[in-house]
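Engineer: Could you have a look at this structure, given as structure tokens, before my questions?
The values are calculated or read from the model by the stated rules, or taken from the named source; none is laboratory data. It should be emphasised that the depicted structure is a prediction, and the values quoted were computed from it without experimental measurement. Cβ placement follows ideal geometry from the backbone for every residue including glycine, while neighbour counts extend to all protein chains displayed. What goes into the accessible areas is simple: the full protein's heavy atoms, side chains included, and nothing from ligands, DNA or RNA. Shrake-Rupley method; radii C 1.70, N 1.55, O 1.52, S 1.80 Å.
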Amino acid sequence: MSGHATQGDHDATNAYRSLADSISHDDPGWAFGTGVEDVQAEITSPVPDGVDPAELAEYCLMLGDDALICSQRLAEWVSNAPELEEEVALANIALDLLGQARVLLARAGHVEGAGRDEDALAYLRPEPGFRNVALAELPDGLDFGRAIARLLVFSAWRLALLNRLLDSRDPVVAAVAAKGVKELAYHRDYAARWTLRLGDGTAESHRRVQAALDAVWPHVGELFRTSDVERALVEAGVAVDPAELRGEVDEVLDEVLARATLTRPTAPPAGTIGGRGGREGLHTEHLGHVLAELQSLARQHPGATW
Amino acid sequence: MTATLDEQDLQQGFEDVIAADQRIEPRDWMPEAYRKTLVRQIAQHAHSEIIGMQPEGNWILRAPSLRRKAILLAKVQDEAGHGMYLYAAAETLGVDREELTEKLISGRQKYSSIFNYPTLSYADVGVIGWLVDGAAICNQVPLCRCSYGPYARAMIRICKEESFHQRQGYELLLAMVNGTDAQREMVQESTNRFWWPSLMMFGPPDADSPNTSQSMGWGIKRHTNDELRQRFVDMTVPQAEALGITLPDPDLRWNAERGHYDFSEPDWSELKAVISGSGPCNAQRLAHRRRAHEDGAWVRDAAAAYAAKHGGSR
Ligand SMILES: [Fe+2]
Ligand SMILES: [Fe+2]
């Protein structure tokens, strides 16, 4: 959890004074809730020996884009959640993922060496430049069952991935993993607890969450497909082969689904285009709409800083 | 006869606590009118936090940098937290969140008039932080000393975060006024729209605020609407000057004799219209909240059914 709310140490009784002080704005607390400051120093670490910078940049985009796009989908829930506790939890998860994305995109921009920062990468890349898996970009139509089904699969998978990246030879990837495993453990636990409540709640909730699982299931296969970049970086000690995660993720999902009285879907994986998918920049029709919204304001003001 | 005497003792005890500027706690006896006033005020405050998530939430998906997105998302999340603390404070007075939410979405309880205005540019995110959170702080800092303990304690925590929001909003505006011409124009245009509605956040002028004196007598309220409005104007003028923007009031000027800024009367008929339901976004805000609440019913039902089957709560 981000826990950002505890970082302001302003005395409430002095709130008037802090209002008057607000012209001075060098309080480091202002960038709270972002997660970037913790690892800022490491973003400029040298590329490890024997690692191709272009491949490392691409790998950071994969991990970063998964987090960025999934965070954007979760942020759609703001002011739409079924209960206030869920408002806070979903926003918290979105913030954690956004924090991970920012570090990873900054790292990608640094090792790429073309002067692109996190914002240039998030706001100025067209769809084929994105490297996220389809699962992250699927719309949930503000159906809480869909949101939970996606989050369960996504967080179980990403937790398994980050757990194996703790000793990545890239210090930034390793640092993101170290912070991320704690965050993802909470995300997975949250999604699992809701899967139980919905699966074993009412007849309607059971039906809805089962339908939601069925809908996301065709996009599970992609999570375990190994791209060429990943294959090369596994050799170099930087990346994880996602194919290796399958057993662990299946075990977690099977246990949660069984306890939730849900059936593991049997839908076949969604097809690829000549073997290419999100990791190669080929997306579903949904990503374009996500980016249209995410990028619109930044693109209206080229060269502006915010 | 004894009952009446007891009642008088209780009333006296209550008044002594208020006079000594101490706190009333949930188990203490309190006059029914005091309880009602508090429930109404705390509920209205809680509703404002929750409805207030909508206008700013409107820009989260489009925030123009990832840092601004994180800041805005965290801020709107804080507002949900404020709503939770406040509904919890109201619950100590014997009303639950569900009941209050029903009253909100059926239009029987109000929320702050300011959230019935739209957010039309990203500068609005900064201006809301600066002016709206700023005005909220002026209103709320005195509530940290409110006579009702749970409300006062909730307000201490909330005020800390509101002060953070205000500074962040102002920092966004500083970045924008130091940016492109288009960004500077956005800040001025947004300030023009939000200035008068912000002044209206303090409520009608004292002469038209019949409940103020009773609330002050009970230690629920510490300053009149007009006093708080003046304090807000005095604080804000130098901040606007530092931004290099103009507040949209040609009669705004320092009055050395009073030691305060003079300013024009807001258009009180506009406030009346907004309060009575015909502001620019009243219908939209309520419909949104109602839709989210109704769409979530099956989820809340599932959680309740699961808890009933497996024991324990959520
Ligand atoms: Fe708030
Ligand atoms: Fe706030």
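Engineer: Specify the residue that is farthest from B:Trp268 (Cα to Cα); the eligible residues are those in the stretch B:200-238 that are among the charged types (D, E, K, R) and free of Cβ contacts under 8 Å to residues at least 24 places away in the same chain.
Structural biologist: Ranking the qualifying residues of the stretch B:200-238, first place goes to B:Glu227.
Engineer: Say whether the condition of being among the aliphatic types (A, V, I, L, M), farther than 29 Å from B:Ser65 by Cβ and surrounded by fewer than 20 Cβ atoms within 10 Å (Cβ to Cβ) is met by at least one residue in the stretch A:268-289.
Structural biologist: Yes: one or more hits.
Engineer: Scan the stretch B:142-157 residue by residue and report those that are crowded, with 21+ Cβ neighbours inside 10 Å and at the interface with another protein chain (Cβ under 8 Å from one of its Cβ atoms).
Structural biologist: Selection gives B:Met155 alone.
Engineer: Would you pick out the residues in the stretch A:107-152 that are of a type in the set (D, E, K, R), open to solvent by 10 Å² or more (accessible area, probe 1.4 Å) and farther than 25 Å from A:Val78 by Cβ?
Structural biologist: Passing the criteria: A:Glu112, A:Arg116, A:Asp117, A:Arg131.
Engineer: State the number of residues belonging to the stretch B:19-38 that are surrounded by fewer than 18 Cβ atoms within 10 Å (Cβ to Cβ) and in a helix (DSSP H, G or I).
Structural biologist: Going through the stretch B:19-38 one residue at a time, the tally reaches 5.
Engineer: Out of the residues in the stretch A:184-205 that are out of contact with any Ser or Thr (no Cβ under 6 Å at 6 or more places or on another chain) and open to solvent by 50 Å² or more (accessible area, probe 1.4 Å), state the one that is farthest from the other protein chains (Cβ to nearest Cβ).
Structural biologist: A:Asp189
Engineer: Another question about this same structure. Out of A:Arg150, A:Arg208, A:Arg158, I need the residue that is in a helix (DSSP H, G or I) and within 12 Å of chain B (Cβ to nearest Cβ). Which one?
Structural biologist: Of A:Arg150, A:Arg208, A:Arg158, the one residue that is in a helix (DSSP H, G or I) and within 12 Å of chain B (Cβ to nearest Cβ) is A:Arg208.
Each row is one residue, and each column tells you yes or no for (1) closer than 20 Å to A:Ala215 by Cβ; (2) of a type in the set (Asp, Glu).
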site	(1), (2)
A:Gly247	no, no
A:Glu255	no, yes
A:Thr266	yes, no
A:Pro269	yes, no
A:Thr272	yes, no
A:Gly277	yes, no
A:Glu293	no, yes
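Engineer: Same structure, new question: Could you list, in sequence order, the residues of the stretch B:210-252 that are acidic (Asp, Glu) and either part of a helix (DSSP H, G or I) or open to solvent by less than 50 Å² (accessible area, probe 1.4 Å) (or both)?
Structural biologist: Passing the criteria: B:Asp226, B:Glu227, B:Asp234, B:Glu241, B:Asp249.
Engineer: While we're on this one: In this structure, does B:Ser163 turn out to be small (Gly, Ala, Ser), surrounded by 18 or more Cβ atoms within 10 Å (Cβ to Cβ), more than 16 Å from ligand 2 (Cβ to nearest atom) and not in a loop (DSSP other than H, G, I, E, B)?
Structural biologist: no
Engineer: State all residues of the stretch A:188-205 that are over 19 Å from A:Ser155 (Cβ atoms), out of contact with any Asp or Glu (no Cβ under 8 Å at 6 or more places or on another chain) and part of a helix (DSSP H, G or I); if no residue qualifies, say none.
Structural biologist: Within the stretch A:188-205, just A:Ala203 meets the criteria.
Engineer: Considering B:Glu25, B:Glu99, which residue is under 21 Å from B:Arg300 (Cβ atoms) and more than 14 Å from chain A (Cβ to nearest Cβ)?
Structural biologist: Result: B:Glu99 is the single residue among B:Glu25, B:Glu99 that is under 21 Å from B:Arg300 (Cβ atoms) and more than 14 Å from chain A (Cβ to nearest Cβ).
Engineer: Of all residues in the stretch B:53-81, how many are more than 7 Å from every other protein chain (Cβ to nearest Cβ) and either more than 14 Å from ligand 2 (Cβ to nearest atom) or in contact with a Ser or Thr (Cβ under 6 Å, 6 or more places away or on another chain) (or both)?
Structural biologist: Residues that pass the stated criteria total 4.
Engineer: Just wondering, is there one or more residues in the stretch B:173-189 that are within 19 Å of B:Glu79 (Cβ to Cβ) and open to solvent by less than 10 Å² (accessible area, probe 1.4 Å)?
Structural biologist: No, there is no match, as no residue in the stretch B:173-189 is within 19 Å of B:Glu79 (Cβ to Cβ) and open to solvent by less than 10 Å² (accessible area, probe 1.4 Å).
Engineer: Right, B:Leu61: outside any loop (DSSP other than H, G, I, E, B), closer than 25 Å to A:Ala101 by Cα and away from ligand 1 (no atom under 12 Å from the Cβ) or not?
Structural biologist: No; evaluated as a whole, the condition is false for this residue.
Engineer: Where residues in the stretch B:41-74 are farther than 30 Å from A:Ala298 by Cβ and out of contact with any Lys or Arg (no Cβ under 9 Å at 6 or more places or on another chain), which of them is least open to solvent (accessible area, probe 1.4 Å)?
Structural biologist: B:Ile42
Engineer: Among A:Leu68, A:Leu61, A:Leu95, A:Leu104, which is the only one that is closer than 21 Å to A:Trp306 by Cβ, more than 10 Å from chain B (Cβ to nearest Cβ) and surrounded by 20 or more Cβ atoms within 10 Å (Cβ to Cβ)?
Structural biologist: Result: A:Leu104 is the single residue among A:Leu68, A:Leu61, A:Leu95, A:Leu104 that is closer than 21 Å to A:Trp306 by Cβ, more than 10 Å from chain B (Cβ to nearest Cβ) and surrounded by 20 or more Cβ atoms within 10 Å (Cβ to Cβ).
Engineer: Which pairs do you get when a residue that is more than 8 Å from chain B (Cβ to nearest Cβ), found in the stretch A:289-306, comes within reach of a residue that is assigned to a helix (DSSP H, G or I) and of a type outside the set (Phe, Trp, Tyr), reach meaning Cβ atoms under 7 angstrom, with the pair 6+ apart or on two chains?
Structural biologist: Within 7 Å, the pairs are A:Val290/A:Ile69; A:Val290/A:Gln72; A:Val290/A:Glu137; A:Leu291/A:Glu127.
Engineer: OK, next. Does B:Met84 meet the test of being farther than 30 Å from B:Arg167 by Cα and either buried (at least 17 other Cβ atoms within 10 Å of the Cβ) or at the interface with another protein chain (Cβ under 9 Å from one of its Cβ atoms) (or both)?
Structural biologist: no
Engineer: Please indicate, with yes or no, whether at least one residue in the stretch B:118-139 is closer than 26 Å to B:Trp29 by Cα and open to solvent by 20 Å² or more (accessible area, probe 1.4 Å).
Structural biologist: No - not one qualifying residue is present in the stretch B:118-139.
Engineer: Go through (1) under 18 Å from B:Arg157 (Cβ atoms); (2) away from ligand 2 (no atom under 14 Å from the Cβ) one by one and return the number of the condition B:Ala33 breaks.
Structural biologist: Going through (1) under 18 Å from B:Arg157 (Cβ atoms); (2) away from ligand 2 (no atom under 14 Å from the Cβ) one by one, B:Ala33 breaks only (1).
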